[in-house]
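What follows is a short report on a single structure.
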Amino acid sequence: MRLERATNQHIAAGVILSDLQRDQARSDADVEVVRQRIIKDQELLDSGSINDPKQLTNLQHELESLARRRTELEDVELEIMERIEGAEAAVSVLADQVTSLSSELESVTESLSQLTSALDADITEVQAERDRISAQLPSDLLALYEKIRSGHDGVGAAKLHRAQCEGCRMTLPPQELQSIRQAPADLVVQCEECRRILVRTSDSGL
């Protein structure tokens, strides 16, 4: 399902963004530690309190090393920020997709519910009409119809249309048509092939 896929992608993007934000927090902390160390060493250097040339040289070297380290950490920090920007854009796009698909699903669900309600109403109406007609039929004819119907996919009768049974689509042979033609109008006739009750109309070809 599109909504499920989009939701999973949105969750995954959110996890990536959260991880990157934690990485940024750690990177910020690392930069701040180096920055504070540089400030401290620079203040010590500027104070003039160090008279030992060797110690002074070591302090200068440490400041240079810290400056390089700060540059490296800031480059990492910048890269993480760029990745966060991309992750935030992905999260935003996927959030819009989830919202759109959720709205679409809600609309489709509502339409389906309306169609289902209309179909249920039609079924109820048809069943009531069937019950009304069934009550007017002879019990033996109704019993025959139900017996045939149970073994033929719910269809116990079929129209005889232009010499063809619309139940099994078989064209009746001339002799069978002749027999049906001569049969009384109220006589129940059945298809020799599928045994469904044949409904005769003006289009039966008799």
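The values are calculated or read from the model by the stated rules, or taken from the named source; none is laboratory data. The structure presented is a predicted model; accordingly, all values stated were derived computationally and were not measured. In this analysis, Cβ positions are derived from the backbone assuming ideal geometry, glycine residues included, and neighbour counts consider all displayed protein chains.
Of all the residues in the range 38-56, those that are polar (S, T, N, Q) and in a helix (DSSP H, G or I) number 3. Whenever a residue of the range 28-45 is touching a residue at least 24 places away in the same chain (Cβ under 8 Å) and closer than 16 Å to Glu77 by Cβ, its partners that are assigned to a helix (DSSP H, G or I) and of a type in the set (A, V, I, L, M), lying with C-beta atoms within less than 7 angstrom and at least six residues away or across chains, give the pairs Asp30/Leu73; Val31/Leu73; Val34/Leu66; Val34/Leu73; Ile38/Leu63; Ile38/Leu66; Ile38/Ala67. In summary, Ala25 fulfils each of the numbered conditions (1) among the hydrophobic types (A, V, I, L, M, F, W, C); (2) free of Cβ contacts under 8 Å to residues at least 24 places away in the same chain; (3) over 18 Å from Glu88 (Cβ atoms) with the single exception of condition (3). The number of residues in the range 1-15 being of a type in the set (S, T, N, Q) and in contact with a helix residue (DSSP H, G or I) (Cβ under 8 Å, 6 or more places away or on another chain) comes to 2. Within 30 Å of Gln178 (Cα to Cα) and either of a type in the set (A, V, I, L, M, F, W, C) or free of Cβ contacts under 8 Å to residues at least 60 places away in the same chain (or both) - does that describe any residue in the range 77-98? Checked against the condition, which is being within 30 Å of Gln178 (Cα to Cα) and either of a type in the set (A, V, I, L, M, F, W, C) or free of Cβ contacts under 8 Å to residues at least 60 places away in the same chain (or both), the range 77-98 yields no hits at all. The residues in the range 130-169 that are in a loop (DSSP other than H, G, I, E, B), at pLDDT 90 or above and over 25 Å from Gly205 (Cβ atoms) can be counted, and the count is 0.
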